[in-house]
Amino acid sequence: MHIVTAKEMYEADRYAMETIGIEGKLLMENAGRAVADKAAERVNKAMHILVMCGSGSNGGDGFVIARTLLGWGYTVRVFQLAPDDKISGDAAYHKQLYQNIGGKIEQWESAASLAAALQESDVVIDAMLGIGVTGKLRPPYDQAVETVNQAGLPVISVDIPSGVPADEGHDGFVGIKADRTLIVAEPKQSLFAQQTASYYGSWEVVDIGLPSQACANSSRYVWGMEETRAHLGERGRFSHKGSHGKALLIGGSQEMPGSITLTTKAALRGGSGLVTTGTVPQAIPSIAAHCAEATYLSLNADDRGRIVLQDVDVSGYDALAIGMGMGREQATADFTRKLVSEANIPVLVDADGLHHLKQDMRILTQRRHPLILTPHPGEMAMLTDFEVKDIIRRPFAISRHFAIEYGVYLVLKGSFTIVTDPEGNQWVNTSGNAGLAKGGSGDALSGILLAQVMQQQNIQEALSLGCYIHGMSADQQVTSNHSMHDLTASDVIDGLATVFRTLS
Ligand SMILES: NC(=O)C1=CN([C@@H]2O[C@H](COP(=O)(O)OP(=O)(O)OC[C@H]3O[C@@H](n4cnc5c(N)ncnc54)[C@H](O)[C@@H]3O)[C@@H](O)[C@H]2O)[C@@H](O)CC1
Ligand SMILES: [K+]
């Protein structure tokens, strides 16, 4: 499934109409019928359904929905926000069909007239505005949106909650707070942006008959259960520990042995064949007490138990993760940069390691082997010199630019983690919940990602798969043994057992 901007969606519609020859009226019919079909799962014939139609094609979808539901025997009223002469083209055609089967239309007069109509209704179908919204809401849409939000009725939005922009990067908008959104053809970017996602409520995509090549210009995709199942490798009957990769994890310090402990546990549970953890001698006993299956590499430390500049031979390993709990001491930073620039295996850098790299970003472009960076928005802001609020407003654009500029795989963590490959293609993870917003989640993720990188030929697939199973474990845990309040990174790691059993 693609994720599109408004511009890409219009291009896809144009491709369907001009290149393939599907008429706009037919696309609208398909959209409206598909939405009506799904909406019918949530309504019954005793309910009064208010379909709110705007002046554009989103409103056109609304007239098809109203006609379809009326034809199926539901009680439907249309509330039209624009004057009759503003409704034209395919929308006017479908409005006429609705009227031809006896459908009634009420016109907007004032917020009071809408409030009265809402009082006589049990559910609202919101077809006021779709991807065509630009700028601040103008009357009467601004008042209509607020009146519907205040009414407290269940709202099913068509394509996008009215008023919510389709693309990332907008704030200060007024939008419908939908209970459910039935998305036409492809999810829009704003479904996965922090400031807009919650407006959608639960969501589902309906098919309107656009061929997938219509969206060829979008290089953003959804990564979900289906993709995870398709890419999770099987462990062969005759495989041995060497077949599943030898991981080297470097991190920790005397005062922070916890992060690298979690990464070690996660790398083991995540499917690695062998895991060696390189850390300061002071931290080894406490890590080893939790991870009996790992082996340890004792690194030189300063008198306060922090890793110092030294050589590490990575030739026996398949992949390296570095950065967790190392601290920001200069000698430690020098060590990270030296190792990242020399290691001729895939390297994943997280946490303090990202701060170390920031001192000399040329290392990123100079590396000849895959480099994976896994920042959260704060670390991404540090790496790019943007502010955190900019990262949250435009996660797609900023990560794409960064991954292309530095030739890296970027895992921008968040409620919708985005994996970007060095060509700028992006996959959004759909698993996970607020229980993951805690210290230690990122450390666990690094271990899982590294383990998956060693199982898969394709690094992006490994990263997307790793993000999915990490979030899936959290999702399973909060529906069984835990809640979002008490969930810890250790629970997520323990939950991998159930995840792998579910998937295999
Ligand atoms: N062929 C197509 O293009 C298809 C489009 N479809 C539907 O059409 C929608 C897009 O249709 P449109 O391009 O007509 O756009 P919309 O229907 O989203 O909105 C356009 C209308 O909103 C008004 N408007 C824009 N910004 C406003 C603001 N800030 N305040 C008040 N009014 C504002 C415009 O004057 C215009 O009348 C999609 O979201 C989808 O629901 C579907 O029917 C499938 C096919
Ligand atoms: K809408």
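Miscellaneous remarks
- Cα centre as origin, Lys/Arg/Asp/Glu Cβ charges: segment 141-282 dipole, Debye: 1120
- Evaluating 6.51 cos²θ - 1.76 cosθ + 1.60 at θ = phi - 60° for every residue in segment 191-197, the Karplus couplings come out as 4, 10, 10, 4, 7, 10, 3 Hz, glycine and proline recorded as x.
- Probe 1.4 Å, protein heavy atoms only - accessible area per residue of the chain in square angstrom: 41
- Dipole of the chain, positive end: most advanced residue of G432, G273, I260 [Cβ charges, Cα centre]: G273
- Sorted from longest to shortest, the spans of the Cα atoms of segment 272-419 along the three principal axes equal 43, 32, 29 Å.
- Pairs of alpha carbons in the chain separated by more than 29 Å make up 55% of all such pairs.
- Amide hydrogen neighbours beyond the local backbone of A216, cut-off 5 Å, H modeled: none
- Across segment 96-165, the mean sequence separation of Cα contacts (distance under 8 Å, 6 or more residues apart), normalised by length, yields a relative contact order of 43 percent.
- Distance between the pseudo-spin-label points of R362 and A497 (7 Å out from Cα toward the beta carbon): 5.0 nm.
- Too-long pairs where the Cα-Cα distance tops 20 Å, listed order kept, from K25/K177; K45/K86; K45/K104; K7/K188: K25/K177; K45/K86
- Relative contact order (%) - criterion: Cα under 8 Å, at least six apart; region: the chain: 12
- Dividing the summed helix terms, -39500 (n - 2.57) for each DSSP H run of n ≥ 4, by the number of residues in the chain produces a 222 nm estimate of -11500 deg cm²/dmol to the nearest 500.
- The charge dipole of segment 6-217, taken about the Cα centre with unit charges on the Cβ atoms of Lys, Arg (+1) and Asp, Glu (-1), comes to about 380 debye, rounded to the nearest 20.
- Projected onto its three principal axes, the C-alpha set of segment 6-217 covers 45, 39, 34 Å, listed from the longest axis down.
- Taking only the C-alpha atoms of segment 246-347, Rg followed by Dmax gives 12.3, 35 Å.
- Taking every Cα-Cα distance in segment 73-180 and sorting them into 10 Å bins from zero, the calculated P(r) comes out as 13, 46, 35, 6, 0 percent.
- Rg to Rh, two decimals, where segment 100-155 supplies the alpha carbon set and Rh follows Kirkwood: 0.98
- Gap separating the Cα centres of segment 442-456 and segment 1-31, nearest whole Å: 38
- Compactness of segment 1-74 is given as radius of gyration and Dmax, 14.1, 44 Å, from Cα positions.
- Separation of segment 472-504 and segment 207-227, taken as the distance between their Cα centroids, equals 29 angstrom.
- D (Stokes-Einstein, µm²/s), Kirkwood Cα radius, segment 145-214, 1.002 mPa s at 20 °C: 172
- The equivalent ellipsoid of segment 253-295 has semi-axes of 17, 10, 8 Å, largest first, where each one is the square root of 5 times an eigenvalue of the Cα gyration tensor.
- Cut-off under 5 Å, modelled amide H: who pairs with Y296 long-range: T277
- With all protein chains modelled, accessible area of E18 [1.4 Å, Å²]: 140
- Dipole magnitude of segment 405-487, debye to nearest 20 (Cβ charges: Lys/Arg +1, Asp/Glu -1, about Cα centre): 200
- Segment 260-319 and segment 342-390: distance between their alpha carbon centers, rounded to Å: 21
- Backbone HN-Hα couplings from phi across segment 166-182 [Karplus 6.51/-1.76/1.60, Hz, Gly and Pro as x]: 7, 9, 5, x, 9, 9, x, 9, 10, x, 5, 9, 7, 7, 8, 10, 9
- Taking the accessible area of the chain, probe 1.4 Å, and keeping the other protein chains in place, the carbon and sulfur fraction comes to 49%.
- Here the 3J(HN,Hα) profile of segment 104-114, calculated from phi with Karplus coefficients 6.51, -1.76 and 1.60 at θ = phi - 60°, is 9, 10, 10, 9, 4, 10, 7, 4, 5, 5, 5 Hz, Gly and Pro shown as x.
- More than 19 angstrom apart: percent of Cα pairs within segment 307-364: 19
- Convex hull of Cα atoms in segment 227-503, direction-averaged projection (nm²): 13.5
- Restricting attention to segment 209-346, close to 5% of DSSP beta bridges with both partner residues there are antiparallel.
- The equivalent ellipsoid that matches the C-alpha gyration tensor of segment 356-456 spans semi-axes of 20, 17, 13 angstrom, in descending order.
- Sorting 254-267, 33-46 by their mean Cβ neighbour count within 10 Å, with the most densely packed peptide first, gives 254-267, 33-46.
- Dipole-positive endmost among Q330, P395, G466 within segment 227-503 (Cβ charges, Cα centre): G466
The values are calculated or read from the model by the stated rules, or taken from the named source; none is laboratory data. Please read all numbers here as calculations on a predicted model, not as lab measurements. With ideal geometry, Cβ positions are generated from the backbone for all residues, glycine too; neighbour counts draw on all protein chains shown. Ligands, DNA and RNA are stripped out before the accessible areas are found, and what is left, the full protein with its side chains, is counted by its heavy atoms. Shrake-Rupley method; radii C 1.70, N 1.55, O 1.52, S 1.80 Å.
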